[in-house]
Amino acid sequence: MFQRDFIMNEARKFALILAKLLGLKVEGEYESYLKYFNEVLDEEYNAELEELLKLDKAAFKKRLIDAGYSAEKLNALGQMLYVFAEPFTADEETSALLKKVMVIFDLLETEHHYESFDNITKRNVIHQYFNNNYERA
């Protein structure tokens, strides 16, 4: 019972974080959005965006596995990075972010047996982004 309550509380916390991030981005408050985004990365994931962007696929995956994040926390990170990448422009930062999101979605499916229609839809959008902007990157 305690574990179920913990998981529910964690899911609620990340839903609130994502809602606040989305709200700030939609309202055009980019500096507040960026500040909050970086605070969440630091507090919840002990990471900085620049540091994550520098990691290659294998190093990023290893970092996530070593951290032992719950499915909820891992999914929240994927959602945060996806929203941060929007709107998808054909540049290195967006490409790097979306590759990280794909690593997270893969881990969610293989390690946590977690799938959602939202993540499947986002995966398809990411594939389309790469098909449109790069030659099968």
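Summary of computed values
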{"quantity": "Scan of the stretch 81-101 for residues that are within 19 Å of Tyr69 (Cβ to Cβ) and either in contact with a His (Cβ under 9 Å, 6 or more places away or on another chain) or β-branched (Val, Ile, Thr) (or both), ordered by number", "calculated": "Val83, Val101"}
{"quantity": "Selection within the stretch 111-136 - at positive phi and of a type in the set (Lys, Arg)", "calculated": "Arg136"}
{"quantity": "Extreme residue, farthest from the chain's Cα centre (by Cα), among residues of the stretch 39-88 that are touching a residue at least 60 places away in the same chain (Cβ under 8 Å) and under 22 Å from Thr110 (Cβ atoms)", "calculated": "Ser70"}
{"quantity": "Residue among Ala96, Ala71, Ala90 that alone is of a type in the set (Gly, Ala, Ser) and under 19 Å from Glu10 (Cβ atoms)", "calculated": "Ala71"}
{"quantity": "In the stretch 65-92, the residues that are farther than 21 Å from Asp118 by Cα and surrounded by 13 or more Cβ atoms within 10 Å (Cβ to Cβ)", "calculated": "Ala67"}
{"quantity": "Tabulated pairs, the stretch 106-131, first over 22 Å from Lys62 (Cα atoms), second of a type in the set (Phe, Trp, Tyr), C-beta under 7 angstrom, 6+ apart or interchain", "calculated": "Lys122/Tyr82; Tyr129/Phe88"}
{"quantity": "Every residue from the stretch 111-133 that is charged (D, E, K, R), in a helix (DSSP H, G or I) and surrounded by fewer than 13 Cβ atoms within 10 Å (Cβ to Cβ)", "calculated": "Asp118"}
{"quantity": "The lone exception for Ala47 - which of (1) part of a helix (DSSP H, G or I); (2) more than 17 Å from Arg123 (Cα to Cα) it fails", "calculated": "(1)"}
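FYI, it's all coordinate maths here, none of it is from the lab. Only a predicted model underlies this, so the values are computations on that prediction, with no experimental measurement involved. Counting neighbours? That spans all protein chains shown, and the Cβs are built from the backbone with ideal geometry, glycine included.
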